[in-house]
Amino acid sequence: TRTGDAVHTISAGKDPSHDSVPALQSYQIKPALEDKFKENPVKEIIRNTVTSKLAGRYYDSDNAKKWTISIANDVNTRVRELKMKRYKHIVQVTIGELKGAGVKCGVRCLWDSETDGYTSDTFMNETIFCVVVVFAVYLY
């Protein structure tokens, strides 16, 4: 069993009452209005995190991977602190060097447009661009 998952695996001889992860209590077709994914707080988290990590820096390919992982982990932690009920989220971070060439990014997925959502933000300075996307998928 992994912490935070909604599915439990019980091995032979293990008492399920001692499982540390609470099971989802019921099926809900859609979230209550107050529980729907809210883009603005997540976008603010993205913007604050990326600005604090990359403002004043110059692109360095040796550090880009570390920055990407650090930003993804920080955004992930802060979004988790929002405690969005019954949502799993995915954080995607892309960092590149601004050299005048264009970049096109695309994502395709199958989801429920009434319950699932996403938000993104783009950071740019003289030498770096960074695109962060957070997807929120509702668990029925």
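Checking each residue in the range 50-61 for being without any contact (Cβ under 8 Å) to a residue 40 or more places away in the chain, closer than 17 Å to Thr122 by Cα and polar (S, T, N, Q) picks out only Ser52. Among the residues of the range 19-35, are any within 20 Å of Val75 (Cβ to Cβ), at pLDDT 50 or above, under 22 Å from the mean Cα position of the chain (by Cα) and not charged (D, E, K, R)? Looking through the range 19-35, none of the residues is within 20 Å of Val75 (Cβ to Cβ), at pLDDT 50 or above, under 22 Å from the mean Cα position of the chain (by Cα) and not charged (D, E, K, R). Which residues, counting only those in the range 81-126, are surrounded by 13 or more Cβ atoms within 10 Å (Cβ to Cβ) and of a type in the set (Ser, Thr, Tyr)? Of everything in the range 81-126, those that are surrounded by 13 or more Cβ atoms within 10 Å (Cβ to Cβ) and of a type in the set (Ser, Thr, Tyr) turn out to be Tyr87, Thr94, Thr115, Tyr118, Thr119, Ser120, Thr122. Counting only strands (runs of 3 or more DSSP E) wholly contained in the range 80-140, the ones carrying 2 or more residues that are touching a residue at least 24 places away in the same chain (Cβ under 8 Å) and in contact with an Asp or Glu (Cβ under 7 Å, 6 or more places away or on another chain) occupy 117-124, 128-138.
So that you can scan it fast, the table gives a plain yes or no per residue for (1) over 18 Å from Thr68 (Cα atoms); (2) in contact with a Gly (Cβ under 9 Å, 6 or more places away or on another chain):
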{"site": "Gln92", "(1), (2)": "no, no"}
{"site": "Cys109", "(1), (2)": "yes, no"}
{"site": "Asp116", "(1), (2)": "yes, no"}
{"site": "Thr119", "(1), (2)": "no, no"}
{"site": "Thr122", "(1), (2)": "no, no"}
{"site": "Phe135", "(1), (2)": "no, yes"}
{"site": "Tyr140", "(1), (2)": "yes, no"}
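If a residue has to be on the phi < 0 side of the Ramachandran plot and outside any helix (DSSP H, G or I) to count, how many in the range 28-79 make the cut? If you could, list the steps in order and put the result at the bottom.
Quick first cut of the range 28-79, residues on the phi < 0 side of the Ramachandran plot only: 28-55, 57-79.
From what's left, outside any helix (DSSP H, G or I): 28-32, 36-38, 55, 57-60.
Summing the residues that are on the phi < 0 side of the Ramachandran plot and outside any helix (DSSP H, G or I) in the range 28-79 gives 13.
Given the structure, is Ala64 surrounded by fewer than 12 Cβ atoms within 10 Å (Cβ to Cβ), hydrophobic (A, V, I, L, M, F, W, C), over 24 Å from Tyr140 (Cα atoms) and touching a residue at least 12 places away in the same chain (Cβ under 8 Å)? No, not satisfied.
The values are calculated or read from the model by the stated rules, or taken from the named source; none is laboratory data. The structure displayed is predicted, hence computed values, not measured ones. Neighbour counts run over all protein chains shown; Cβ positions are idealised from the backbone, glycine included.
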